[in-house]
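This report refers to the structure that appears directly beneath it.
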Amino acid sequence: MSVRGGPDRAVRALPVDEVAPGVFVATAQAYTTTTTVVVGDDGRCLLVDPAVSVADLVALARWLGERGLTPAAGWSTHPHWDHLLWSRAFGNVPRYATPRAAAVAARDRAALAAAVQDEAPGHDLGLFAQVEALPGRMIGWPGPRAVVYPHDAHAPGHGAVFLPGSGVLIAGDMCSDIEVPLPDLDDPDPFGGYRAGLSTLAAIPGVSAVIPGHGRSGDAAEFRRRLAADLAYLDAVAAGTDYPDPRLTEDWLRAEHARALTRARATDSG
Ligand SMILES: [Zn+2]
């Protein structure tokens, strides 16, 4: 442990990119997890998937404060623990998810909170996973139009957010440059469900930038490239074929890949 930097090291600034005017992406070290900040009217902002460590949320709150931004609402893209976090510093504002995701978050709250304690301990669990079902498809907030595209790829009730004004797609855990597709293997049809989710995203008109939940943002051409790469991966794995995807770089990803293949082969022989 280095003494250099002192206690402030833990809350060092997160790298933040502006991917389109008024749309900022902060990237945490753990799992290359992204948080998206959409700037709205009168210093308000929409906060999507704030993550991941306690120190990361402190750094995010500081970053917002330095720019005079106050969250007006939160959005959780899907009911996995690293997308349901919150800090008191962000205020007591409505936090939304799709109705299906909100129901799963409520049902699985205890198990999800246990995962937080394992992976990113110290969060205020009283604020964890407190998302409400968004009525309709538009996030009501004082800022750019934010349209939700629900599907069931990767997790039930996954809700991508599209900002038609800037063409930015906040994809949640889809369209990553560093992770292969991770189908929801609890779903009766994980590969079909994932393909349907990709089709939903591919049909959104006017995407000029994509922000994955883990990884780097990309432009329109990169969005199309990732959709094609994800479909190629899914087609191979769903057919039970091992596939040398260049994104299979870490042990946990190779383990998920093996689980998906096992599932596909079991389905084939059943
Ligand atoms: Zn996820």
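The values are calculated or read from the model by the stated rules, or taken from the named source; none is laboratory data. Note that the structure is a prediction, hence the values are computed from the model and not measured. Here Cβ is always computed from backbone atoms with ideal geometry, including for glycine, and neighbour counts include all displayed protein chains.
At-a-glance table
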item: Test: residue in segment 86-108 that is aliphatic (A, V, I, L, M), part of a loop (DSSP other than H, G, I, E, B) and under 15 Å from the mean Cα position of the chain (by Cα); result: no
item: Filter result for ALA221 (surrounded by fewer than 21 Cβ atoms within 10 Å (Cβ to Cβ), more than 16 Å from the ligand (Cβ to nearest atom), aliphatic (A, V, I, L, M) and within 26 Å of ASP242 (Cβ to Cβ)); result: no
item: Test: ARG88 is at pLDDT 95 or above and closer than 16 Å to HIS158 by Cα; result: no
item: Residues within segment 211-270 that are closer than 27 Å to SER76 by Cα, of a type outside the set (S, T, N, Q) and part of a loop (DSSP other than H, G, I, E, B), tallied; result: 6
item: Evaluation of VAL207 against (1) assigned to a loop (DSSP other than H, G, I, E, B); (2) under 26 Å from LEU85 (Cα atoms); (3) of a type in the set (Val, Ile, Thr) (one fails), failing number; result: (2)
item: Any hit, segment 132-149, residues being touching a residue at least 40 places away in the same chain (Cβ under 8 Å) and within 15 Å of the ligand (Cβ to nearest atom); result: no
item: Segment 83-107, subset free of Cβ contacts under 8 Å to residues at least 60 places away in the same chain and within 13 Å of the ligand (Cβ to nearest atom), residue surrounded by the fewest Cβ atoms within 10 Å (Cβ to Cβ); result: VAL104
item: Matching residues, segment 73-101, being farther than 12 Å from PHE128 by Cβ and among the aliphatic types (A, V, I, L, M); result: ALA73, ALA89, VAL93, ALA97, ALA101
item: Test for PRO71: is it closer than 21 Å to GLY218 by Cα and crowded, with 23+ Cβ neighbours inside 10 Å; result: no
item: Looking only at segment 108-123, and only at residues there that are within 14 Å of the ligand (Cβ to nearest atom) and of a type in the set (Asp, Glu), the one that is surrounded by the fewest Cβ atoms within 10 Å (Cβ to Cβ); result: GLU119
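Let's see how each residue does on (1) within 13 Å of the ligand (Cβ to nearest atom); (2) assigned to a strand (DSSP E or B); (3) modelled with pLDDT of 95 or more:
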{"residue": "PRO156", "(1), (2), (3)": "yes, no, yes"}
{"residue": "PHE162", "(1), (2), (3)": "no, yes, yes"}
{"residue": "GLY165", "(1), (2), (3)": "no, no, yes"}
{"residue": "LEU169", "(1), (2), (3)": "no, yes, yes"}
{"residue": "ILE178", "(1), (2), (3)": "no, no, yes"}
{"residue": "LEU185", "(1), (2), (3)": "yes, no, yes"}
{"residue": "PHE191", "(1), (2), (3)": "no, no, yes"}
{"residue": "TYR194", "(1), (2), (3)": "yes, no, yes"}
